[in-house]
Amino acid sequence: EWLGCPWGHAVAPSTPIQDYRLHVLAFQQHFAALFGWEALERVKGFSPSEMALPNHPEVAYAFVKTLRDCGFTWVIIQEHTVEQPDGRGLERRHLPHRLVCRNAAGEEASIIAIIKTQGSDTKLVAQMQPYYEAQSLGRWELAGRQVPPLVTQIADGENGGVMMNEFPPKYLEAVRECSGSRTPIVNVSEYLDHLATLGLREQDFP
């Protein structure tokens, strides 16, 4: 699944908020020039550069508002960069969450947060470790419904040739193995669509 990103690898905590918005718009214009505006409308997820989130409330609010204004519905984040309102860490990281930010004026912006779980270095992703982790998980309760968890990992580049040489055959092997099984491979947007068919909305997520 294609994810949006800032143009020029702009990092959200250290880029002026008005510039960051322009980086996101520049990516969208470039993507549309290559694949068309209809294809761009299907890009619902966003991957921040370096997976860095702003910790200043005003900047965090502007970050989320920029993503929503640009049509993104979810963002992938690291489990240790966010916390629950009471300060505790995330407990059920294999379920979607809501990333909620408020500015000094009391305005609120929120977006679905998909948690990239720990231990997702390039070698593990190349060996399809997320698939094998998912096999060990059962359904969880969410807003009164039993839902499948989602193991989400991401590799941020090429080291030692593993993504080029090891990933393709291992991916094909895992796809053949999981076809028709209780642990299907899905992308995030397909997963969120499935939850929607169960009647779950963004407001139901922790």
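Within the stretch 133-172, the set of residues being open to solvent by 80 Å² or more (accessible area, probe 1.4 Å) and under 24 Å from Trp2 (Cβ atoms) comprises Asp156, Glu158, Asn159, Met164, Asn165, Tyr171, Leu172.
Conditions (1) touching a Ser or Thr at 6+ places or on another chain (Cβ under 8 Å); (2) of a type in the set (S, T, N, Q); (3) closer than 16 Å to Ala10 by Cβ; (4) surrounded by fewer than 21 Cβ atoms within 10 Å (Cβ to Cβ), marked per residue:
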position: Leu40; (1), (2), (3), (4): no, no, no, yes
position: Lys44; (1), (2), (3), (4): yes, no, no, yes
position: Ser47; (1), (2), (3), (4): no, yes, yes, yes
position: Phe63; (1), (2), (3), (4): no, no, yes, no
position: Thr66; (1), (2), (3), (4): no, yes, yes, no
position: Ile77; (1), (2), (3), (4): no, no, no, no
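Check the stretch 70-84 and report whether any residue there is part of a loop (DSSP other than H, G, I, E, B), at pLDDT below 95 and touching a helix residue (DSSP H, G or I) at 6+ places or on another chain (Cβ under 9 Å). For the stretch 70-84, residues part of a loop (DSSP other than H, G, I, E, B), at pLDDT below 95 and touching a helix residue (DSSP H, G or I) at 6+ places or on another chain (Cβ under 9 Å): absent. Give the stretch 32-50 a look and list any residue that's of a type in the set (Gly, Ala, Ser) and under 27 Å from Glu79 (Cα atoms), or say none. Residues satisfying the conditions are Gly45, Ser47, Ser49.
Residues Thr122, Thr73: which one is among the hydroxyl-bearing types (Ser, Thr, Tyr), over 30 Å from Gly199 (Cβ atoms) and surrounded by 13 or more Cβ atoms within 10 Å (Cβ to Cβ)? Within the list Thr122, Thr73, the selection yields Thr122. Only a single criterion out of (1) buried (at least 21 other Cβ atoms within 10 Å of the Cβ); (2) over 14 Å from the mean Cα position of the chain (by Cα); (3) within 23 Å of Asn187 (Cα to Cα) is not satisfied by Pro54, namely (3). Any residue at all in the stretch 133-146 that's without any contact (Cβ under 8 Å) to a residue 12 or more places away in the chain and touching a Lys or Arg at 6+ places or on another chain (Cβ under 6 Å)? Looking for residues that are without any contact (Cβ under 8 Å) to a residue 12 or more places away in the chain and touching a Lys or Arg at 6+ places or on another chain (Cβ under 6 Å), one finds at least one in the stretch 133-146, hence yes. Based on what the data block shows, is His30 surrounded by fewer than 16 Cβ atoms within 10 Å (Cβ to Cβ), farther than 19 Å from Ile112 by Cβ and at pLDDT below 95? Spelling it out, it is not the case that His30 is surrounded by fewer than 16 Cβ atoms within 10 Å (Cβ to Cβ), farther than 19 Å from Ile112 by Cβ and at pLDDT below 95. Mind checking whether some residue in the stretch 105-114 is charged (D, E, K, R), within 25 Å of Ala26 (Cβ to Cβ) and modelled with pLDDT of 95 or more? No. Considered as a group, the residues in the stretch 1-21 that are outside any helix (DSSP H, G or I) and open to solvent by 60 Å² or more (accessible area, probe 1.4 Å) include one that is modelled with the highest pLDDT, and that residue is Pro16.
The values are calculated or read from the model by the stated rules, or taken from the named source; none is laboratory data. Just so it is clear, the structure is predicted and the values come from calculations on it, not from any experiment. Positions of Cβ are backbone-derived with ideal geometry, glycine not excepted, and every protein chain shown enters the neighbour counts. Surface areas here come from the heavy atoms of the whole protein model, side chains and all, with no ligands, DNA or RNA. Shrake-Rupley method; radii C 1.70, N 1.55, O 1.52, S 1.80 Å.
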